[in-house]
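Student: Submitted below is the structure of interest, expressed as structure tokens.
The values are calculated or read from the model by the stated rules, or taken from the named source; none is laboratory data. Bear in mind the structure is a predicted one, so any value in this text is a computation, not a measurement. Neighbour counts are summed over all protein chains in view; Cβ atoms, including those assigned to glycine, are modelled from backbone coordinates with ideal geometry.
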Amino acid sequence: MSLAVISALSVGAFAQKSGNEVGKREFNPEKMAEKRSERLKADLKLTDEQFAAVTKLNKESVANREAERKELKAKHDAKKSAYKNEMKKILTPEQYKTFEEKLATNEARRKEGMRKGRGGNHGGPHHGARPENKG
């Protein structure tokens with residue numbers, strides 16, 4: 001009987017752990033490059049020399065993409081900041097406060113959509129439609 005209790009507790013703990021980790025994939029560029037290289041090695045039957053060269057290339061490629069992503073984010077943040085500064089000049093303080101609240105709400109909604117695997121504002125049954133104009 002105690003074996004059954006231990007088994008039940010173990011299963012419950014495992015289910016709880018995996019339930020909390022659903023959707024949480026740790027981004028590790030080096031591991032991504034290695035996994036890609038391993039898949040290519042198996043699919044293409046690479047020699048050890050080819051595998052080493054492909055792995056090196058994949059690691060460089062991932063590093064370059066990561067650097068480009070950071071650069072694009074910095075440019076996007078600068079444009080967003082400039083836009084908000086211009087809006088602040090145009091709007092009254094009350095209007096700007098409402099504007100900021102709307103931006104925060106939209107950002108939270110976008111992040112929630114990404115967490116649920118919807119990719120933010122991309123897709124869904126009413127792609128491009130505003131919620132109040134469903135159809």
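Student: Going through R130, R65 one at a time, which residue ends up being modelled with pLDDT under 95, among the charged types (D, E, K, R) and surrounded by 10 or more Cβ atoms within 10 Å (Cβ to Cβ)?
Tutor: On the way: R130 fails: surrounded by 10 or more Cβ atoms within 10 Å (Cβ to Cβ).
Every option except R65 fails the conditions.
Student: Any residue at all in region 53-61 that's touching a Gly at 6+ places or on another chain (Cβ under 8 Å), part of a helix (DSSP H, G or I), on the phi < 0 side of the Ramachandran plot and at pLDDT 90 or above? Working first, answer last.
Tutor: Within region 53-61, the first condition is being touching a Gly at 6+ places or on another chain (Cβ under 8 Å), and the residues that meet it are none.
No, region 53-61 has no match at all.
Student: Here is a follow-up. Within the group K41, K84, K35, which residue is free of Cβ contacts under 8 Å to residues at least 24 places away in the same chain and either within 20 Å of the chain's Cα centre (by Cα) or surrounded by fewer than 10 Cβ atoms within 10 Å (Cβ to Cβ) (or both)?
Tutor: Values: K41 fails: either within 20 Å of the chain's Cα centre (by Cα) or surrounded by fewer than 10 Cβ atoms within 10 Å (Cβ to Cβ) (or both); K84 fails: either within 20 Å of the chain's Cα centre (by Cα) or surrounded by fewer than 10 Cβ atoms within 10 Å (Cβ to Cβ) (or both).
Just one listed residue meets the conditions, K35.
Student: Please find, within region 87-100, the residue that is farthest from the chain's Cα centre (by Cα) out of those that are among the aliphatic types (A, V, I, L, M) and assigned to a helix (DSSP H, G or I). Don't jump to the end; show me each part of the working.
Tutor: If we filter region 87-100 for residues that are among the aliphatic types (A, V, I, L, M), which is where we start, we get 87, 90-91.
Subset that is assigned to a helix (DSSP H, G or I): 87, 90.
Values: M87: 29, I90: 34 Å.
By that ranking, first place goes to I90.
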